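Read the structure below first, then the notes.
The values are calculated or read from the model by the stated rules, or taken from the named source; none is laboratory data. Here the structure is a predicted model, which is why all the values come from computation and not from measurement. Reconstructed Cβ throughout: ideal geometry from the backbone, glycine too, with neighbour counts over all protein chains shown. Only protein heavy atoms, including side chains, enter the accessible area calculation; ligands, DNA and RNA are left aside. Shrake-Rupley method; radii C 1.70, N 1.55, O 1.52, S 1.80 Å.
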Amino acid sequence: MLVFRTRTADAGSAAFWAFLVAYSVSSFGTFLNLIALSLFTLEVTGGPVGLGAVMAVRVGSGLLSGVLAGKLAARFDRRRLMVCADLAQATAMIVLGIAGRAAGLGGLMVAAAVLGVGNTVFSVSLRTSVPAMVGQEHRVRANGRLVAGRSLGTVLGYASAPVVVLAGGFEAAFLVNAASFLVSAAVLWILPLRTNVSGRDESSVPSTGPRSPALAGLPLAVLALVLIRGSDAFGSASHNVALPIHAGTEWPGAPYAFMSWFWTAWAIGSIAVQWVVRRMDRGGGVRLDERVFAAGTVLMSVAFVVAFTGLPVPVLVAVLFVAGLADGLTEVAYLSRLQAAPEAERARLFGLSATAETAGFAAGMATCGLVLEVASPPVVVAAYHCLPVLVAGIVLLRVRGRQVSKKGS
């Protein structure tokens, strides 16, 4: 087998573009699977209780493995971790695709656990690896392209799920998902992409500022960003849960078409962020700091709230484009800021981040359905997005306060 020598590429190299395509394919399979596995679970278990149990296992396994994934990414070769995560998820999907209904609730729970852990390990390893892959100076553009690739895969996965299931059944969807993981694993194994930095990472931004003893010396400024991220995941759960209900109200005859419009408009905005980042980075050294991340989070939350107010389709598309653009920009700013941490600290940060994001999303998912029993989707989405707006607003005020103090001194 031909294996290239591992080296550092850049965000525009052929090796990175090949990985980006494979990552997009893997994202496509993952989001196709989200739809297919949910519908298949309902069919196998016969009701929402079984679906809730499988979803709880998937989310719970991802939550519990966050910190562990950070430790693994700090100690082991991240390329191998990502390949192993892909192969484990592919195996689970192949077994489920072959077994079909015979897998039963127990098989579904095992598959859900493998998917939850595998996704977390892959995500933490990839996020930690980007500076080693492309160099610190290229990480912002690389993150922009990764966000765009995942957004494209998300929409294509959601849109193709009904087609694949109708054409070949749930088993076909699971095997397509398995194939997407295998493509990702093969490309990762062959490509000349560096994922770990040996010795001291001289290009990293050193950690400064006050320390938190409870979290073993992680900078409080970075921990504030992780808190915003967790609250954003909590708010995002509301529009994910409420959208099918809202779509049925807005377009009673074609709710799925409404959802397709909704997510496609969002994805176009998220994909467009790579061009925005490229223009910002044209002079070199673009600074996507805490202010950009916090302000983008506020804009994104406000846009999603407005999107549930019964707007005409052209206006709705424009609002969702803004939501996607803000979503993509905050993702790039967040990842790039955490990746500026020293090599030894970076994996730990992303493990903590994965735990915070999963915990926020799980809390939102667990409570949102109950709240929707007594309140309308627009009210629920507005209420849940108040949390990220509040947290991000506090961080913005603190950053502004520090700037005023520095000018005064």
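Can you find a residue that is surrounded by fewer than 21 Cβ atoms within 10 Å (Cβ to Cβ) and under 16 Å from residue 31 (Cβ atoms) anywhere in region 107-117? Looking through region 107-117, none of the residues is surrounded by fewer than 21 Cβ atoms within 10 Å (Cβ to Cβ) and under 16 Å from residue 31 (Cβ atoms).
Within region 75-88, not a single residue is under 27 Å from residue 163 (Cβ atoms), among the acidic types (Asp, Glu), out of contact with any Pro (no Cβ under 7 Å at 6 or more places or on another chain) and at pLDDT below 90. Picking from residues in region 373-391 that are touching a Phe, Trp or Tyr at 6+ places or on another chain (Cβ under 8 Å) and aliphatic (A, V, I, L, M), the one that is nearest to residue 231 (Cα to Cα) is 387.
Looking across region 277-318, the residues that are among the small types (Gly, Ala, Ser) and at pLDDT 75 or above come down to 294, 295, 296, 301, 303, 307, 310, 318.
If the condition is being open to solvent by less than 50 Å² (accessible area, probe 1.4 Å), in a loop (DSSP other than H, G, I, E, B) and farther than 21 Å from residue 234 by Cβ, then region 299-321 contributes 310, 311. Number of residues in region 84-98 that are within 22 Å of the chain's Cα centre (by Cα) and crowded, with 22+ Cβ neighbours inside 10 Å: the value is 6.
Scanning region 39-63 for residues that are modelled with pLDDT of 85 or more and of a type in the set (D, E, K, R) yields one hit, 58. Selection of first residues in region 252-263 that are surrounded by 16 or more Cβ atoms within 10 Å (Cβ to Cβ) and of second residues that are among the β-branched types (Val, Ile, Thr) and part of a helix (DSSP H, G or I), restricted to Cβ pairs under 6 Å at least 6 apart or on distinct chains, gives the following pairs, ordered by first then second residue: 263/155.
When region 28-39 is limited to residues that are open to solvent by 10 Å² or more (accessible area, probe 1.4 Å) and more than 13 Å from residue 159 (Cβ to Cβ), the one that is farthest from the chain's Cα centre (by Cα) turns out to be 39. Annotation note: of 145, 200, 211, the sole residue that is modelled with pLDDT of 85 or more and of a type in the set (D, E, K, R) is 145. Note on region 150-159: residues that are under 13 Å from the mean Cα position of the chain (by Cα) and either open to solvent by less than 10 Å² (accessible area, probe 1.4 Å) or under 15 Å from residue 176 (Cα atoms) (or both) total 3. Listed by first and then second residue, the pairs linking a residue in region 47-76 that is free of Cβ contacts under 8 Å to residues at least 24 places away in the same chain and in a helix (DSSP H, G or I) to a residue that is open to solvent by 10 Å² or more (accessible area, probe 1.4 Å) and of a type outside the set (A, V, I, L, M), with Cβ atoms under 7 Å apart and 6 or more places separating them unless they lie on different chains, are 51/38; 51/45. For residue 359, are the conditions met, namely being modelled with pLDDT of 90 or more, touching a Leu at 6+ places or on another chain (Cβ under 6 Å) and closer than 30 Å to residue 81 by Cβ? In short, yes. When the residues of region 360-393 are filtered to those that are open to solvent by less than 70 Å² (accessible area, probe 1.4 Å) and of a type in the set (Val, Ile, Thr), the one that is nearest to residue 316 (Cα to Cα) is 381. The numbered conditions (1) farther than 26 Å from residue 272 by Cβ; (2) part of a helix (DSSP H, G or I); (3) touching a residue at least 24 places away in the same chain (Cβ under 8 Å) are all true for residue 367 except (3). Checking the stated criteria, residue 92 turns out not to satisfy the condition of being farther than 13 Å from residue 117 by Cβ and assigned to a helix (DSSP H, G or I).
Cβ-Cβ distances below 6 Å connect no pair with a first residue in region 160-176 that is within 21 Å of residue 260 (Cβ to Cβ) and open to solvent by less than 50 Å² (accessible area, probe 1.4 Å), a second residue that is of a type in the set (Lys, Arg) and assigned to a helix (DSSP H, G or I), and a separation of six or more residues or different chains.
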